[in-house]
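Below is one structure, written out as C-alpha cells; the observations come after it.
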Amino acid sequence: MTECTPEVQWAHNTAYRKANHTADTWQGRTACKKFTNVFLGDLAKNIFKKFILLHNPDTANSLIEYDLIRADDFRNSDQFDLKLTCQNEECVIEVKSSGEKSTNNLMEIYNNRRIIINVGNVHQHYDCIYAQIMFIPENLAFFQNEDFVCTSLTDFSNQYVQDFLGQNIKAYIVGYASEPMQRAAVQNVITMNNQNAGAKKRGYADLYIKDSKSPHLFLQAIPKPCNNPSL
C-alpha cells in the first residue's frame with residue numbers, strides 16, 4: 001500500500017472529518033468504528049480515481065471527486081463518489097469496498113464474493129458504474145466486525161492507519177456493474193447480517209464478481225462513458 005500513500009493520507013483526512021457525522025442506518029457504532037468503515041470506502045474511491053487517471057490522464061479535467069468540491073464541512077452524506085462529465089451528460093461512479101476476513105485466495109474471492117449493491121434500504125440507488133475493490137490483509141483478522149473502544153478519535157485514527165499500513169494490504173479492483181446490470185441484479189436478493197457486530201439484516205443484489213465486468217472494459221470506454229453502450 002506504500003504506492004498509494006497519498007490516497008491513504010487523503011482517506012485518513014476525509015474519514016476523520018466524516019466519522020462524527022456518519023449516520024447509523026443498520027448498526028450502532030462508535031465514532032472509531034465509523035472511521036474504519038468510512039476510511040476503507042474513501043480509500044477505495046481514491047484508488048479507483050488513481051486507476052482512472054493513471055490510464056487516462058486526459059480525464060483529469062472531467063473527473064470530479066465530491067470530497068474535493070463539497071461545501072458542507074463533511075457533515076452531510078456524500079452526494080456521489082466520483083463523476084465523469086461528458087459534454088452535457090455525466091457518469092456517476094459508486095466505489096464499493098470490502099475488507100476480506102476469510103481467505104487470501106484470489107480465485108476463491110473472485111468466484112464467491114459479490115459486487116455490493118444495496119437493496120431495500122436508504123442506500124439503494126443506481127449509478128452509471130458500481131465498482132468493487134477488495135482489500136486483503138496479511139492477517140485476515142485485521143478487518144474486525146466488532147466495535148472499538150473509542151476514547152480519542154484522533155489517537156485511534158492515527159494508530160489504525162499505521163496498523164493498516166503495517167498489514168501489507170493488497171487492494172484489488174475486481175470488477176464493476178453497469179446500471180443495466182445493477183437493475184437486473186436486484187431482481188435476485190440475498191440477506192446478510194453479522195450478529196457479532198450487532199448489525200441488522202440487509203439485502204444485497206446477488207451479483208458475483210465473476211459475473212461482473214472487468215475494470216479494463218471501463219477504461220476502454222473512457223473518455224466518453226456517458227453515451228458508450230459498451231459500459
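The values are calculated or read from the model by the stated rules, or taken from the named source; none is laboratory data. All figures in this text were calculated on a predicted structure; none of them were measured in a lab. Virtual Cβ from ideal backbone geometry, glycine too; neighbours counted across all protein chains shown.
Test PHE148 against the stated conditions and say whether it is surrounded by 14 or more Cβ atoms within 10 Å (Cβ to Cβ) and within 20 Å of the chain's Cα centre (by Cα). Give the steps one after another, and end with the answer.
Details: surrounded by 14 or more Cβ atoms within 10 Å (Cβ to Cβ): yes; within 20 Å of the chain's Cα centre (by Cα): no.
Answer is no for this residue.
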Only one residue in SER97, SER157 is surrounded by 16 or more Cβ atoms within 10 Å (Cβ to Cβ), within 22 Å of ASP42 (Cβ to Cβ) and more than 17 Å from the chain's Cα centre (by Cα). Which one? SER157
For region 56-97, which residues satisfy the criterion of being under 29 Å from PHE143 (Cα atoms), of a type in the set (S, T, N, Q) and without any contact (Cβ under 8 Å) to a residue 40 or more places away in the chain? GLN79
Given the conditions (1) surrounded by 13 or more Cβ atoms within 10 Å (Cβ to Cβ); (2) over 18 Å from ASN46 (Cα atoms), which single one is not true for ASN105? (1)
Inspect all residues belonging to region 138-150 and state whether any of them is in contact with a Cys (Cβ under 9 Å, 6 or more places away or on another chain), β-branched (Val, Ile, Thr) and closer than 17 Å to CYS32 by Cα. yes
Note down all Cβ pairs under 7 Å where the first residue falls in region 150-165 and is β-branched (Val, Ile, Thr), the second is modelled with pLDDT of 95 or more and surrounded by 17 or more Cβ atoms within 10 Å (Cβ to Cβ), and they're at least six residues apart or on different chains. VAL161/VAL8; VAL161/HIS12
For region 1-23, indicate whether the set of residues that are within 25 Å of GLY120 (Cα to Cα) and assigned to a loop (DSSP other than H, G, I, E, B) is non-empty. yes
Subset of region 197-231 [β-branched (Val, Ile, Thr) and at pLDDT 90 or above]: ILE209
